[in-house]
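Below is one structure, written out as structure tokens; comments come after it.
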Amino acid sequence: MPRLGNLDFDDRILDAIKDNKLVVFAGAGVSMGAPSNLDNFPKLAKKIARNTGLTPDLPLDRFLGVLQHRGVAVHERAVELLSPIGSAPNDLHRDLIRLFGAADRIKLVTTNFDLHFETAAQEIYGSSPVVYRAPALPLGYSFQGIVHVHGALPHATSVVLTDADFGRAYLTEGWARRFLLDVFRTHTVLFVGYSHEDVVMNYLARALPADGSAGRYALTETDGNWNLLGIQPIRFVKGEGAEEFRELYQGVAKLAERGARGTLDWQSRMLELVGRAPPLDPELVGEIEQALRDVSTCRLFTDVARDVSWPKWLDGRKQLEVLFRSGELRERDGQLAFWLAKHYAIEHFDECFDLIEGHGLQLNPVLWFAVSRELGLEREKPLEAATLRRWILLLLESAPERADR
């Protein structure tokens, strides 16, 4: 589980970014920080209720429905309040957009009415993604772009605020529920800017399928009952004053950098991290473990890692277990087998043999072949007779059924 800043992200989030299967689901909390400075739902409801003689109470969607029934222009007031002069995208908007790497790869769903994500995309990529506004939503299982699932500015008649609006979106007409069901079934979803107590989450629960196999995660400072919704919390610690959401912003910024990292960036990073003894810092450890998950970046690791302590370090993190039991190996594991044989079987025999001994002196056929090949064909590395003898005894004892004679 990679650690980015002070946040622990599940590997599936990074895999989803790479495979263009991540959907960011953004709520009001994203647009609260400067220079956006927009209200969350409770504050918005309180301002809508000014001069009406009524004080907001829970549930807020029902309260706003009562106001509308009494003739208050709820939707028009909301649009005006969410369009203050000077409001602009903040760093969180930009970093969430950066997660996708290109405008035509953006998959972002928001219950916010503002257009700050569109502005951020234009700033970063120089082009705008496709934008959908409720109730005209795309197919949830196959879409690209920004989806305003509750409507967007400046169209007051389309925004979802009252209990009647939510009822149409999720129950009677159901266009939000249908779209979201397909999104949740087919994508890994990262919620940002929500509390588990939000009115929005109450309605989203009606669109969350019981099977959460695709993965649903929420960046949150609360310990709420996220698990009841099938959502795994990724917790950050809330600070004070201007630093209130520092951990959140830093974590998302690092996630965006990591997700957008290309081959040349990884190559440079592996030279820096792996060309020496293994690190102790949890964030650096997670970075290397992420590289080991993919064939191309694992190759960059094996091109550089030579320190005598790397095999034991990898074994301690369960990265080498499959090399010491029978069965087919993935390409990535085959790379590690040949790396171990080439750089450790002769030059660091004692460490290599201790590793094998710790696994019951068993070798996967691929590792068996890699070691045998290294011993048989290598001419430039000095090989002591005692070392060769011990290897031969082990190889004869652990020879696979179809060994290469």
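The values are calculated or read from the model by the stated rules, or taken from the named source; none is laboratory data. Because the structure is a prediction, the values reported are computed rather than measured. Cβ coordinates were reconstructed from backbone atoms using ideal geometry, including for glycine residues, and neighbour counts include every protein chain displayed. Protein only, heavy atoms only, side chains kept; ligands, DNA and RNA dropped before computing areas. Shrake-Rupley method; radii C 1.70, N 1.55, O 1.52, S 1.80 Å.
Straight-line reach from K312: which lysines have a Cα under 27 Å away, not including same-chain ones fewer than 8 places off? Filter leaves K342, K381. Report the residue, chosen from G241, G151, G275, that carries the largest GNM mean-square fluctuation when the chain is represented by alpha-carbon nodes joined by springs under 10 Å. Largest GNM mean-square fluctuation: G241.
Answer rounded, prolate or oblate for the chain, using the Cα gyration tensor with square roots of eigenvalues a ≥ b ≥ c: rounded when a/c is under 1.5, else prolate when a/b is larger than b/c, else oblate.
Values: a/c = 3.14, a/b = 2.76, b/c = 1.14.
Prolate is the answer for the chain, as a/c is 1.5 or above and a/b outweighs b/c.
From most to least packed by mean Cβ count within 10 Å, the peptides 363-371, 99-107 give 363-371, 99-107.
Just want to confirm a number: the relative contact order over the chain, from Cα pairs under 8 angstrom separated by 6+ residues, in percent.
Averaging sequence separation for qualifying contacts and normalising by length gives 14 percent for the chain.
Think of the chain as a dipole: +1 on every Lys or Arg Cβ, -1 on every Asp or Glu Cβ, centred on the Cα centre; then among M270, A164, T119, A164 lies furthest on the positive end. Its relative contact order, with pairs defined as Cα atoms under 8 Å and 6+ residues apart, puts the stretch 1-106 at 28 percent. For K254, a cut-off of 13 angstrom between C-alpha atoms picks up these aspartates and glutamates, skipping any fewer than 8 places away in its own chain: D8, D91, D95, E283, E287. Most mobile of R216, R258, R77 per a Gaussian network model of the chain (Cα springs, under 10 Å)? Per the Cα network of the chain with a 10 Å cutoff, R77 tops the list.
In percent, rounded to a whole number, the relative contact order of the stretch 176-332 is 14, using alpha-carbon pairs under 8 Å and six or more apart.
Relative to the Cα centre, what is the charge dipole magnitude of the stretch 142-194, using +1 at the beta carbon of each Lys and Arg, -1 at the beta carbon of each Asp and Glu, and rounding to the nearest 20 debye?
140 debye
Using a ≥ b ≥ c from the Cα gyration tensor of the stretch 106-159 (square roots of the eigenvalues), is it rounded, prolate or oblate, where a/c under 1.5 gives rounded and otherwise the larger of a/b and b/c decides, a/b for prolate? Since a/c reaches 1.5 but b/c is at least a/b, the shape of the stretch 106-159 is classed as oblate. Quick one: of K46/K238; K18/K238; K21/K43, which pairs are farther than 26 Å apart, Cα to Cα? From the list (K46/K238; K18/K238; K21/K43), the Cα-Cα distance tops 26 Å for K18/K238; K21/K43. Given a 1.4 Å probe and the protein chains as shown, S326 ends up with an accessible area of around 100 Å². For the stretch 287-401, a crude dipole built from +1 on the beta carbon of Lys and Arg and -1 on the beta carbon of Asp and Glu, taken about the Cα centre, is about 140 debye to the nearest 20. Think of each Lys and Arg Cβ as +1 and each Asp and Glu Cβ as -1; about the Cα centre, that makes the dipole of the stretch 52-101 roughly 60 debye. You can think of it this way: the chain between A403 and T172 has 76.5 nm of extra reach, that is 0.36 nm per residue less the Cα-Cα gap. Candidates A34, L44, L54 compared by Cα position along the dipole of the stretch 9-54: farthest toward the positive end lies L54, with charges placed on Cβ.
Quick check: from the Cα gyration tensor, does the stretch 104-238 come out rounded (a/c under 1.5), prolate or oblate? Present the calculation step by step, with values, prior to reporting the outcome.
Details: a/c = 1.43, a/b = 1.17, b/c = 1.23.
Rounded.
Computed over the alpha carbons of the stretch 296-399, Rg followed by Dmax gives 12.7, 37 Å.
Largest mean-square fluctuation among V23, V66, V192, in a Gaussian network model of the chain whose springs join Cα atoms under 10 Å apart, belongs to V66.
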